Amino acid sequence: MKLYYKINTYGCQMNVHESEKIAGQLIERGYLPTDDDNLADVIVFNTCCIRDNAERRAFGNVGALKKLKKAKKSLIIAIGGCMTQQPGVADMLRQKFPFIDIIFGTYNLSDFGKMLDDRLKNGKKFTSLIDSYSLNENVPIYRTSGTNAWVNIIYGCNNFCTYCIVPHVRGRETSRDKQVILDEIKRCLDEGYKEITLLGQNVNSYGNDRGETNAFASLLADISKIDGKFRLRFMTSHPKDLSQDVVDIMASTPNICNNIHLPVQSGSTSVLKDMNRKYTREHYLSLIDMIRSKIPNCGITTDIMVGFPTETEEDFLQTMSLVEQVRFLSAFTFVYSPRNLTPAAKMPQLDECVKKDRITRLIDLQNEITLQESTRCVGGVYEVLCEDKVGDNIYCGRTDEGKLVSFSSDYDLLGQFVNIRIDSAKHSALFGKVEV
Ligand code: SF4
């Protein structure tokens, strides 16, 4: 009899990759993936608590399974990730959703398979949470990301931005051994992956916890020397830690993409101080100048938060002027929501109408810039890694700078690098034809 699993993933790329590790443990036990709740024997929720709406969506979707669990007693429902790692959340989940079988946290995700074995053997529902992280390099990974392979280089975060819960649920920075990372990447390339994306909450501090200096630049240099044609990306960079060495190695190494995600969060130095970001508006702008002087065509993207408790209209206008000045390729914009355990949650909060008005103005501005930047590409020819088939003979992929391109082809081009002439642009998407 075939057994199936379904994983519902919320949040960032880190969570997407961690779901690949949960999947690896399920595949190892003979389960097969499915998207159908009714077919699944195990349903896992890998949750996020960075923002309020991700939490609410997860609660809603867990609650919706009550009926299914009643009809299919053998169904195992497990919930893990950042949300469950917060103090008190497991108890609340037990009360609200008594039908959940397994509750686990971010620190013991690598034991999920054993927890499932226990649940099936003993028949008892249980919660398993530990309060610190230790590296486990022996977790099987079932990659689901097409041509791209995610590779963690560092876990946790030491920064304690005042709005952010990540350091509270993912612990302090723990870097992986360089040789272990290089071996994993070589395996991915041997398996046919064409792009490697290095992951960490703050990739620039890779190696600091091991007493190494310039370790991230040196890691990039070593990875880029691996044989074969592939692309290398990384995320996320922290503006206080991004160094010239890293930008130099990006500029001088063709297989490191000219693409950097550099979250600014606010254009106001005073708000950045209240956020404990440890850089100023001027420092951020000097980084942008440094990147563009060395990599003129670098695709720079960012995260911007509006509605932080101390943000005044004047502060917000500084964010708008920074956006106009930098001209990001795209920006992930979001409204601040108070997170348990964080200092900013205790500050007097801004009115929701003020936040809504600011996010609308910011999105309008960024959309205009994104469209202008996309339109500038029309007529150009870009090398695109074909990542997905999205319709009959329609494929999509990204340029080196990270621009999304759709194009048609009568041939299967998945996983190949192709030159595409861009003939139109819509918002952040480019459309073109294969250049022969
Ligand atoms: S750098 Fe700041 S925003 Fe990013 S994960 Fe760490 S605490 Fe959170």
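One table, with the values for the structure above:
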{"quantity": "Leading residue by the ranking (nearest to GLU311 (Cα to Cα)) among those in the stretch 150-163 that are near the ligand (Cβ under 10 Å from one of its atoms) and open to solvent by 30 Å² or more (accessible area, probe 1.4 Å)", "calculated": "PHE160"}
{"quantity": "Residues of the stretch 384-406 classified as part of a strand (DSSP E or B) and over 17 Å from TYR193 (Cα atoms), total", "calculated": "7"}
{"quantity": "Among the residues listed as SER286, SER268, the single one being free of Cβ contacts under 8 Å to residues at least 60 places away in the same chain, away from the ligand (no atom under 14 Å from the Cβ), open to solvent by 10 Å² or more (accessible area, probe 1.4 Å) and of a type outside the set (Lys, Arg)", "calculated": "SER286"}
{"quantity": "Within the stretch 164-185, considering residues that are acidic (Asp, Glu) and open to solvent by less than 30 Å² (accessible area, probe 1.4 Å), the one nearest to the ligand (Cβ to nearest atom)", "calculated": "GLU173"}
{"quantity": "So VAL405, is it touching a strand residue (DSSP E or B) at 6+ places or on another chain (Cβ under 6 Å) and surrounded by fewer than 20 Cβ atoms within 10 Å (Cβ to Cβ)", "calculated": "no"}
{"quantity": "Scope the stretch 50-69; condition away from the ligand (no atom under 16 Å from the Cβ) and open to solvent by 50 Å² or more (accessible area, probe 1.4 Å); matching residues", "calculated": "ASN53, ARG56, ARG57, ASN61, ALA64, LYS66, LYS67"}
{"quantity": "Options THR253, THR310; residue that is surrounded by 15 or more Cβ atoms within 10 Å (Cβ to Cβ), in contact (Cβ under 8 Å) with a residue 40 or more places away in the chain, more than 16 Å from the ligand (Cβ to nearest atom) and among the hydroxyl-bearing types (Ser, Thr, Tyr)", "calculated": "THR310"}
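For (1) free of Cβ contacts under 8 Å to residues at least 12 places away in the same chain; (2) more than 20 Å from the chain's Cα centre (by Cα); (3) away from the ligand (no atom under 16 Å from the Cβ); (4) surrounded by fewer than 21 Cβ atoms within 10 Å (Cβ to Cβ), each residue gets a yes or a no:
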site	(1), (2), (3), (4)
LEU198	no, no, no, no
ASN204	no, no, no, no
ASP222	no, yes, yes, yes
ARG233	no, no, yes, yes
PRO239	no, no, no, no
GLN244	no, yes, yes, yes
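Every residue, every condition in (1) of a type in the set (Ser, Thr, Tyr); (2) assigned by TED's automatic domain parsing to the domain that holds PRO87; (3) more than 16 Å from the ligand (Cβ to nearest atom), yes or no:
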site	(1), (2), (3)
THR9	yes, yes, yes
MET14	no, yes, no
GLU20	no, yes, yes
PRO33	no, yes, yes
ASP36	no, yes, yes
ALA40	no, yes, yes
CYS48	no, yes, no
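The values are calculated or read from the model by the stated rules, or taken from the named source; none is laboratory data. Keep in mind the model is a prediction, meaning the values are calculated, not measured. Cβ: placed from backbone, ideal geometry, glycine included. Neighbour counts: every protein chain shown. Note: accessible area is taken over every heavy atom of the protein model, side chains too, but ligands, DNA and RNA are not part of it. Shrake-Rupley method; radii C 1.70, N 1.55, O 1.52, S 1.80 Å.
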